[in-house]
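Reading through the structure tokens given below for one structure.
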Amino acid sequence: MALSVRAVFFDLDNTLVDTARASRAAEAEVIKLLQSKYHYYKEEAEIICDKVQVKLSKECFHSSDTCITDLRTSHWEEAIHETKGGTANRKLAEECYFLWKSTRLQHMTIAEDVKAMLTELRKEVYLLLLTNGDRQTQREKIEACACQSYFDAIVVGGEQKEEKPAPSIFYYCCNLLGVQPGDCVMVGDTLETDIQGGLNARLKATVWVNKNGIVPQKLSPMPHYTVSSVLELPAILQSIDCKVSMSA
């Protein structure tokens, strides 16, 4: 299929890789550790994991201030102290963090049908992976899911001056591939970064991957297309091509 779209930018977390599932599997291992080795009640262990997730969701990381390992170990240390009280236990926090991290990375995989889709798409268009986040964390995920060979370029927000939704990172991606914003489609699961960023950069189209049927808030960015699975993308690209042909 010859497409009018020349490049597709993909988000990583919860778009190509089920990061949420990997995180749940990692939390389950930490809960087992706290119960079996340290005799925590299951409820206490679950509260600690919930607290860490909240801290991760609010995380503001600046590489000039600290390293991501220290910051995330501190999340666990604070969560344990907030739940159990007593003296802060850095050693236990480190044990929890590294178990969580290693387990999560083990579960960072791209499904075979998604790999097949990427392989076919790359015969027709440029593919670029565009992910926000700390350099070390995101590069470890990329290595774990072994996705490098499916893309013409990989861009990590933490390595750039600005992350999604800033237009500058999208323009940088376009320059890498030698294409114009109007040639490109952004695919991702987050309205505030993936979709808003694609709109800010005036890409040809944005595709929101809404796996859980979330109802957007009234003031949320409006994607051009919404799908429940990234596997619906080839049909969307054909649809975009048909619209271009009809308007020509």
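The values are calculated or read from the model by the stated rules, or taken from the named source; none is laboratory data. For clarity, every value in this text was computed on a predicted model and none was experimentally measured. Note: ideal-geometry Cβ built from the backbone for every residue, glycine included; neighbour counts use all protein chains shown. Note: areas computed on protein heavy atoms with side chains; ligands, DNA, RNA excluded. Shrake-Rupley method; radii C 1.70, N 1.55, O 1.52, S 1.80 Å.
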Cα-based helix-to-principal-axis angle, 19-36 vs the chain, degrees rounded to 10: 10 degrees
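Residues of the stretch 76-121: accessible area per residue at 1.4 Å, in Å²? List each step's numbers first, then the result.
Working: 2340 Å² over 46 residues.
With the other protein chains kept in place, the stretch 76-121 gives 51 Å² per residue.
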Pairwise Cα inverse-distance average, inverted: Kirkwood Rh of the stretch 101-182 (Å): 13.8 Å
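Relative contact order of the stretch 57-138, please, whole-number percent, based on alpha carbon pairs below 8 angstrom and at least 6 residues apart.
Numbers: 35 pairs, mean separation 21.6, N = 82.
Rounded, it is 26 percent for the stretch 57-138.
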Rounded accessible area per residue of the stretch 162-234, 1.4 Å, Å²: 49 Å²
Helix-only [θ]222 nm of the chain, DSSP H runs n ≥ 4, -39500 (n - 2.57) each, per residue, nearest 500: -15500 deg cm²/dmol
Cα principal axis extents for the stretch 54-190, largest first, Å: 59, 32, 21
Spread of Cα-to-Cα distances over 10 Å intervals beginning at zero, given as percent, for the chain: 7, 29, 31, 20, 10, 3, 0, 0
Tensor-based shape of the stretch 111-248 (alpha-carbon gyration tensor, a/c under 1.5 rounded, otherwise prolate or oblate): rounded
Cα pair count fraction exceeding 12 Å, expressed as % - the stretch 141-181: 62 percent
Angle between the chain longest axis and helix 135-145 axis [Cα atoms, degrees, rounded to 10]: 80 degrees
Amide proton proximity set for Y126, modelled H, under 5 Å, gap of 5+: A7, V8
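List, in the order given, every pair from K37/K115; K42/K164; K32/K161; K161/K211; K123/K164; K84/K164 whose Cα-Cα distance in the structure shown is over 32 Å.
Details: K37/K115 39 Å; K42/K164 38 Å; K32/K161 40 Å; K161/K211 30 Å; K123/K164 27 Å; K84/K164 38 Å.
Correct reply: K37/K115; K42/K164; K32/K161; K84/K164.
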Neighbour cut-off at most 14 other Cβ (10 Å), DSSP loop, trypsin sites (Lys or Arg not before Pro), the stretch 132-165: K161
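Rounded to a whole number, what is D in µm²/s for the stretch 29-92 from Stokes-Einstein with the Kirkwood radius over alpha-carbon pairs (37 °C, 0.692 mPa s)?
Numbers: Rh = 12.3 Å.
After rounding, the answer is 266 µm²/s.
Output the peptides 27-34, 191-198 sorted from most to least packed, where packing is the average of other Cβ atoms within 10 Å over each peptide's residues.
Numbers: 27-34: 18.4, 191-198: 23.6.
In descending order of packing, they fall as 191-198, 27-34.
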Between helix 90-106 and the chain: long-axis angle, C-alpha atoms, 0 to 90°, nearest 10: 30 degrees
Under the Debye formula (equal points on every Cα, no solvent term), log10 I(q)/I(0) of the stretch 1-129 at q = 0.17 Å⁻¹: -0.90
Electrostatic dipole magnitude of the chain [Cβ: Lys, Arg +1; Asp, Glu -1; Cα centre; debye, to 20]: 140 debye
Cα Rg, Dmax, the stretch 150-225, angstrom units: 12.4, 36
Candidates V54, V215, V227, ranked by Gaussian network fluctuation over the chain, Cα under 10 Å, top entry: V215
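Order of 8-16, 93-101 by packing, highest average Cβ count within 10 Å first? Present the calculation step by step, with values, prior to reporting the outcome.
Values: 8-16: 24.4, 93-101: 19.8.
By packing density, highest mean first, the sequence is 8-16, 93-101.
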Euclidean distance of C-alpha centroids, the stretch 16-73 and the stretch 221-241, integer Å: 33 Å
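Pop out the carbon and sulfur fraction of the accessible area of the chain as a percent, whole number, probe 1.4 Å. Mind dumping the intermediate values first?
Details: 6340 of 12480 Å².
Solvent-exposed carbon and sulfur of the chain make up 51 percent of the total.
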